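Trainee: Starting off with a structure, shown below.
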Amino acid sequence: MNQSVPKRKLQIKILYVFIAFAAILSLLGVRLVFLQIINGSDLQKRAVEQQTRDSLVASHRGAIYDRNKKKLAQSSTAQTITANPNEIQKAKKDVIEIAAKLAPILEMDANEIATMLEKKTNHVTIKRRVEDDAAAAVRELELTGIYLQEDAKRYYPYGNFASHILGFVGFDNQGLGGIEMVYEDELKGEPGRIIALKNALDNDMPFKDETRIDPQNGTNVVLTIDEVIQHFTEKHLEEAYYEEKVQSGACAIVTDVKTGEVLAMATKSDFDLNTPFTLPEDVETQLASIANDEERTQARSNALQKMWRNKAVVDSYEPGSCFKIITGCMALEEGLITPESPFFCSGSKKVENRTINCSHHEGHGAQTFADAVKNSCNPAFIDVGLLVGKEKFKEYYKAFGFMDVTGFDLPGEASGIFYSDANYNTVELATASFGQGPVVTPLQLVAAVGAVANGGKLMKPFLVKELIDDDGNVIKKTEPTIVRQVISQKTSDQMCAMLENTVANGTGQNAYIKGYRVAGKTGTSEKVPRGNGKYISSFIAFAPANDPKIACLVVLDEPSNGQYYGGAIAAPVVGKILEDTLRYMGVEPQYTEEEKQNLEVFVPDVKGLSKDNAIKNLKNENLTYRIIGNGSTVLSQMPKTGSTLPTGSVVILYTEENATQVSIVPDVRNLSLSEAQARLAENRLNMNITGAGATGNSSNLTVANSQYPLPGAQVEEGTVVEVEFRYLDVD
Amino acid sequence: MNERTAKSTQRQLKKTKLTKTGFDFGFLFTVILLLALGLLMVFSASYPYAYYYFEDGLYFIKKQLLWAAIGTGAMIFTANYPYQKYKKLAFPILIVTGILLLAVLAVGINLNGAKRWLGVGGFTFQPSEVAKLGLVIYFAASLAQIKDKIKKFNYLIRYFLVMGVFMGLLLLEPHFSVCLIIGLTLVIMLLVSGAKMSHFCLLGVPFGVLGAAVAIMEPYRLKRLTTFLDPFADPLGSGWQIIQSLYAIGSGGLFGVGFGNSRQKFMYISEPQNDFIFSIICEELGLIGALAILTLFAVLFWRGMKIAVSAPDSFGSLLVTGIIALIGVQVVLNIAVVTSSIPTTGIPLPFFSAGGSSLVFIMAAMGIILNVSKYKKQTI
């Protein structure tokens, strides 16, 4: 009994201990309910987040095609070299050795690679988008922790071709300019994903439950651009860009006037789309001389922006005399004038207190409106503008689309700027009439003049014809959009005729093309601030004048090789572009009577014929001849058959072996047509006339601008020398 | 006279009856179940870790099986070794424990700035494991002997001094977690044997202050405290393990991801077969499995306490209570740590965490309880 009391107490205390443990275990059970049930899904979500590797599978970026499905931009797969430094370190591999093996293959510094591999991380990118053979070489090394990852590489097969239209992509294949940027969403597609389980060392788990979502390829973009026309445009524009030493860039646009499709659009200088961040060497040298890092970075950025700038869409400028087309249409449409309305030009005109000069200082005298267009007479157009009046002028300016952006498919489009109401007075109206004051973009101008050519219907210019999938199925097609009827068919016809006359007989002669009726207008504007001798030379034209199909505008910003009149330096470029384009498009030439007389003929094959028969054959083709040698049979001839010659040209007939006579090509540049003809004839050479000389109304103002072969070349007698003529009386 | 004879007869009767009672099979069964589950979980939890770091997924389970076999041998031995004999051995055991703890300070293997392991000819063990069981045996024997003198303050203070010396030695290693386990276990034993609560408060205050000072003195312990308060402040550093543990527990949900299917054991939880094995259990077996294991421990404690209550003498009662308290304190602290209920301290989960010497001592201790269970108090 004595003993049992403490024993009992002991038992009770033992029970307390058990109860205490049981209570704590219950509390821990409650804690588990809290963690596993109440907080469970949240903790599980976070756990899954760290346990899964969500890697992107690059989608195939859509291609960009020209209208004939020629690939202008394409994507191909490339391998990116990555590494798992933790894995390498864990495997106790020699980082220096791995780096040394990789360095020569990847053309990188071994130390740089070693530094990357020494990082305490599970993933580093060593080099992106390596060439296939380099990737194969890396794969062959079978290095621990070095991986190849599939990546996409953007490739532009034609380098700097259409660079401002296509745009380019950045480091992550994101579109950074042009179509690449505007159509980013369509082109990029949807990247796929691989969701795989990984352990804490970032290695794959042994479970095979990875989820794969396939990437969706991007849509392909088909442009309205015709690769061939773009090529002509770029070629001729580039020639002028260098020849005229253009300082602030040049641009050209070719459109289909009936639909608004842009067939070509070029800006010079351009850049290689495959290396869009590489500046020209001279710019680099200039940049290198900037000492301050920050300034240099800024300067580099500015230089790149300038290089990438698409003048045709982004840069507004004063259109100069090209705008007279628009002013003229306003007055014709309003019935204020007819082509026959008389005007008088004294060489200058006083508007309120300001005297405005005509480019032709002696004055054009009495002239019809059609003459005023042909002569590009400022005083006459001031009169026309004043007739239209401030209200109507602004109304039409708006109607032709100069106040809005056109809604074109390229980034950064500028809209036109007109005077604010407060600044819009008679003097402003007067200068605006001949294209000084308001600024427009080249694209707006070509669209507006396109409307004049297209029976008054203003078409919305566009660059993307359709979107297609990889099987060529059309996903979306752009239909031509009529913005509005700006002027009547009648006004359009009248203006077309006057503009055709401008090219055939007036200031636009340098855009003349044999066999094609070109309507066009020159433009020269002095850049602000005025008086610095900096000009913008332009020419706008469309053809054929009786049934306009295409329009072309060329703008040369700050030519610095002496000439600056649009009619002198921009018109020939337009002429060449139109000629090549019309031929390529298969537009049938239609020769005028005058042209027919000067028509070129095929040189017949008279080799092996008797002297008499040969002469007879040549006469049939309106060709003359010259016989060298005393033989009775023609052994050879110059020019040979297959070439063409203007009628009346001389074909040299050789009747003896080795009788070839050599002639030295004389310098005919700056000679008039007849002088050049005579000079070449003296040297027993034939002449093929191009440019303004072909209009058939050449005067002393039409002079040879260039020739081929160049002066001093030794050629066989009878060789055809190609001579390009230019009309000098232009503005 | 009559009374005397009766008493001696009773004693005689008691003695014969005692030897004839069998083991507590319920307790034995619980122990075997926990051991088996422990082995399964070590196998599951350690496999990826062993595979990645030792290139043999069975690296840990092979060792653990061997230790389990040795432990079972130890249990069979202690279960058949009359527990009364520890009474005489208690003081020598205490001395040996003290020598071992001094030895580990002198010639122990230094791992990460702590000397906790003694190497004896290619075989290593932690003297702290000996200390746990050794002190429990000593306290049980000593407290049973002095009976209710423990109620006196000057007696209690002696035990505190013994405790203080041994805990001090453990802190010098340093081995804070074992120090904590032993401290709590011995305090339970003192309370059960009749020490007064008021005396405890008197002695407890300076001990508590000392404990807090020790905890904060070492910067890493303070860091553990701040990590406990906000593990997400440094998710990749100090907070990593506890965050990963919570992720594992949370991922388990009600039913778990299934045996062997843990993802967190793939190096997210470092050394998942050790102190944090319970979070892998929660992940694989879910709340149901985790609660089942908690219940199993509760059953173990229940059966153990029953054995303690039915033990024929105070020594047996205190010995069993001490061992159960020792296991109980570790179970409770371990689960509290992995569920982020208290700051992290390295305490293995008995029967589950891989680690040889610990398992052998636990099994040996279970054997002692089984031995005590043989001797039932006589009921007249």
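Trainee: Among the candidates B:I188, B:I182, B:I242, which residue alone is touching a Pro at 6+ places or on another chain (Cβ under 7 Å), in contact (Cβ under 8 Å) with a residue 24 or more places away in the chain and either closer than 16 Å to B:P343 by Cβ or not assigned by TED's automatic domain parsing to the domain that holds B:V329 (or both)? Can you show your working first?
Mentor: Values: B:I188 fails: touching a Pro at 6+ places or on another chain (Cβ under 7 Å); B:I182 fails: touching a Pro at 6+ places or on another chain (Cβ under 7 Å).
Criteria check complete, one pass: B:I242.
Trainee: Just one of the numbered conditions (1) surrounded by fewer than 16 Cβ atoms within 10 Å (Cβ to Cβ); (2) not assigned by TED's automatic domain parsing to the domain that holds A:L187; (3) not aromatic (F, W, Y) is not true of A:E210; which one?
Mentor: Unmet for A:E210, out of (1) surrounded by fewer than 16 Cβ atoms within 10 Å (Cβ to Cβ); (2) not assigned by TED's automatic domain parsing to the domain that holds A:L187; (3) not aromatic (F, W, Y): (2).
Trainee: Can I ask one more? Looking at (1) buried (at least 23 other Cβ atoms within 10 Å of the Cβ); (2) more than 9 Å from chain A (Cβ to nearest Cβ); (3) of a type outside the set (A, V, I, L, M, F, W, C); (4) touching a residue at least 60 places away in the same chain (Cβ under 8 Å), which is the one condition that is false for B:P312?
Mentor: (1)
Trainee: Continuing with the same structure: Which condition number in (1) surrounded by 19 or more Cβ atoms within 10 Å (Cβ to Cβ); (2) farther than 28 Å from A:K268 by Cα; (3) not polar (S, T, N, Q) is the one that A:G508 fails?
Mentor: Answer for A:G508: the failing condition is (2).
Trainee: Among the candidates B:F139, B:F232, which residue alone is surrounded by fewer than 20 Cβ atoms within 10 Å (Cβ to Cβ) and part of a helix (DSSP H, G or I)? Before the answer, list the steps.
Mentor: Details: B:F139 fails: surrounded by fewer than 20 Cβ atoms within 10 Å (Cβ to Cβ).
Going through B:F139, B:F232 in turn, the sole match is B:F232.
Residue by residue, here is whether (1) in contact with an Asp or Glu (Cβ under 8 Å, 6 or more places away or on another chain); (2) not in a helix (DSSP H, G or I) holds:
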| residue | (1), (2) |
| --- | --- |
| A:A196 | yes, yes |
| A:A200 | no, yes |
| A:G218 | yes, yes |
| A:Q230 | yes, no |
| A:T233 | no, no |
| A:H236 | yes, no |
| A:A240 | no, no |
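Trainee: Hey, could you check region B:294-309 for residues that are facing chain A (nearest Cβ under 8 Å) and aliphatic (A, V, I, L, M) and say which is nearest to B:S245 (Cα to Cα)?
Mentor: Restricting to residues being facing chain A (nearest Cβ under 8 Å) and aliphatic (A, V, I, L, M), the top hit is B:L294.
Trainee: I would also like to ask the following. Looking at (1) assigned to a strand (DSSP E or B); (2) free of Cβ contacts under 8 Å to residues at least 60 places away in the same chain, which is the only condition A:I382 fails?
Mentor: A:I382 satisfies all of (1) assigned to a strand (DSSP E or B); (2) free of Cβ contacts under 8 Å to residues at least 60 places away in the same chain except (1).
Trainee: Further, regarding this structure: Output the residue which, of all residues in region B:212-263 that are more than 14 Å from chain A (Cβ to nearest Cβ) and of a type in the set (V, I, T), is nearest to the chain's Cα centre (by Cα).
Mentor: That would be B:V214.
Trainee: So which residues in region A:35-59 are among the β-branched types (V, I, T), at the interface with another protein chain (Cβ under 7 Å from one of its Cβ atoms) and within 60 Å of the chain's Cα centre (by Cα), if there are any at all? Walk me through it before giving the result.
Mentor: Pass one, region A:35-59, residues among the β-branched types (V, I, T): A:37-38, A:48, A:52, A:57.
Now narrow it down to the ones that are at the interface with another protein chain (Cβ under 7 Å from one of its Cβ atoms): A:37.
The answer is none; no residue qualifies.
Trainee: Can you tell me which of B:I335, B:I327, B:I347 is under 15 Å from the mean Cα position of the chain (by Cα), aliphatic (A, V, I, L, M) and more than 10 Å from chain A (Cβ to nearest Cβ)? First the steps, then the outcome.
Mentor: Details: B:I335 fails: more than 10 Å from chain A (Cβ to nearest Cβ); B:I327 fails: more than 10 Å from chain A (Cβ to nearest Cβ).
So the residue among B:I335, B:I327, B:I347 that is under 15 Å from the mean Cα position of the chain (by Cα), aliphatic (A, V, I, L, M) and more than 10 Å from chain A (Cβ to nearest Cβ) is B:I347.
Trainee: Another one. Testing B:Q145 on (1) within 14 Å of another protein chain (Cβ to nearest Cβ); (2) at pLDDT below 85, one condition comes back false. Which one is that?
Mentor: (2)
Trainee: Checking A:L32 against (1) surrounded by fewer than 15 Cβ atoms within 10 Å (Cβ to Cβ); (2) within 14 Å of chain B (Cβ to nearest Cβ), which test does it fail?
Mentor: Every listed condition holds for A:L32 apart from (1).
Trainee: Determine which single condition B:F207 fails, assuming it passes every other condition in (1) in a helix (DSSP H, G or I); (2) within 14 Å of chain A (Cβ to nearest Cβ); (3) in contact (Cβ under 8 Å) with a residue 12 or more places away in the chain; (4) not polar (S, T, N, Q).
Mentor: (2)
Trainee: Only one of A:N68, A:N86 is under 29 Å from the mean Cα position of the chain (by Cα) and in the same structural domain as A:G218 (by TED's automatic domain parsing); which?
Mentor: Values: A:N86 fails: under 29 Å from the mean Cα position of the chain (by Cα).
After applying the criteria, what remains is A:N68.
Trainee: Please determine whether any residue of region A:107-122 is more than 27 Å from A:D214 (Cβ to Cβ), within 14 Å of another protein chain (Cβ to nearest Cβ), surrounded by fewer than 18 Cβ atoms within 10 Å (Cβ to Cβ) and within 48 Å of the chain's Cα centre (by Cα). Walk me through it before giving the result.
Mentor: Here is the first cut: in region A:107-122, the ones more than 27 Å from A:D214 (Cβ to Cβ) are A:107-121.
Pick out the ones that are also within 14 Å of another protein chain (Cβ to nearest Cβ) and you get A:120-121.
Next, from what is left, pick out any that are surrounded by fewer than 18 Cβ atoms within 10 Å (Cβ to Cβ): A:120-121.
Checking the rest, the ones that are also within 48 Å of the chain's Cα centre (by Cα) come to A:120-121.
The answer is yes; a qualifying residue exists.
Trainee: Return yes when A:G328 is in contact with a helix residue (DSSP H, G or I) (Cβ under 9 Å, 6 or more places away or on another chain), under 23 Å from A:G520 (Cβ atoms) and assigned by TED's automatic domain parsing to the domain that holds A:V486 and no when it is not. Let's see the steps before the verdict.
Mentor: Numbers: in contact with a helix residue (DSSP H, G or I) (Cβ under 9 Å, 6 or more places away or on another chain): yes; under 23 Å from A:G520 (Cβ atoms): yes; assigned by TED's automatic domain parsing to the domain that holds A:V486: yes.
In short, yes.
Trainee: Would you be able to say whether some residue in region A:138-155 is within 30 Å of A:E466 (Cβ to Cβ), buried (at least 19 other Cβ atoms within 10 Å of the Cβ) and touching an Asp or Glu at 6+ places or on another chain (Cβ under 9 Å)?
Mentor: The answer is yes, given that some residue of region A:138-155 is within 30 Å of A:E466 (Cβ to Cβ), buried (at least 19 other Cβ atoms within 10 Å of the Cβ) and touching an Asp or Glu at 6+ places or on another chain (Cβ under 9 Å).
Trainee: Exactly one of these conditions fails for A:L680: (1) part of a helix (DSSP H, G or I); (2) surrounded by fewer than 19 Cβ atoms within 10 Å (Cβ to Cβ). Give me its number.
Mentor: Every condition holds for A:L680 apart from (2).
Trainee: Within region A:585-676, which strands (runs of 3 or more DSSP E) (wholly inside it) include 2 or more residues that are farther than 29 Å from A:Y516 by Cα?
Mentor: Details: elements: A:600-602, A:624-628, A:636-638, A:644-646, A:650-654, A:662-664.
Qualifying strands (runs of 3 or more DSSP E): A:624-628, A:636-638, A:650-654, A:662-664.
Trainee: Taking region A:409-440, which residues are touching a Lys or Arg at 6+ places or on another chain (Cβ under 8 Å), crowded, with 21+ Cβ neighbours inside 10 Å and part of a loop (DSSP other than H, G, I, E, B)?
Mentor: A:F434, A:G435
This table checks each residue for (1) of a type in the set (V, I, T); (2) modelled with pLDDT under 90; (3) exposed (fewer than 12 other Cβ atoms within 10 Å of the Cβ).
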position	(1), (2), (3)
A:A288	no, yes, yes
A:Q305	no, no, yes
A:E318	no, no, no
A:G335	no, no, yes
A:E340	no, no, yes
A:F343	no, no, no
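Trainee: Restricting region A:479-524 to residues that are assigned to a strand (DSSP E or B), in contact with a helix residue (DSSP H, G or I) (Cβ under 6 Å, 6 or more places away or on another chain) and not hydroxyl-bearing (S, T, Y), which is farthest from A:I325 (Cα to Cα)?
Mentor: Quick first cut of region A:479-524, residues assigned to a strand (DSSP E or B) only: A:482-485, A:513, A:516, A:519-524.
If we keep only those that are in contact with a helix residue (DSSP H, G or I) (Cβ under 6 Å, 6 or more places away or on another chain) too, we end up with A:513, A:516, A:519-524.
If we keep only those that are not hydroxyl-bearing (S, T, Y) too, we end up with A:513, A:519-521, A:523.
Working: A:I513: 21, A:A519: 11, A:G520: 9, A:K521: 7, A:G523: 10 Å.
Top of the filtered list is A:I513.
Trainee: Tell me which residues, restricted to region A:187-200, are under 21 Å from A:S75 (Cα atoms) and crowded, with 18+ Cβ neighbours inside 10 Å.
Mentor: A:L187, A:K188, A:G189
The values are calculated or read from the model by the stated rules, or taken from the named source; none is laboratory data. The shown structure was predicted, so the numbers you read here are calculated from the model rather than taken from an experiment. Don't worry about glycine lacking a Cβ; one is built from the backbone with ideal geometry, like all the others, and counts go over all protein chains shown.
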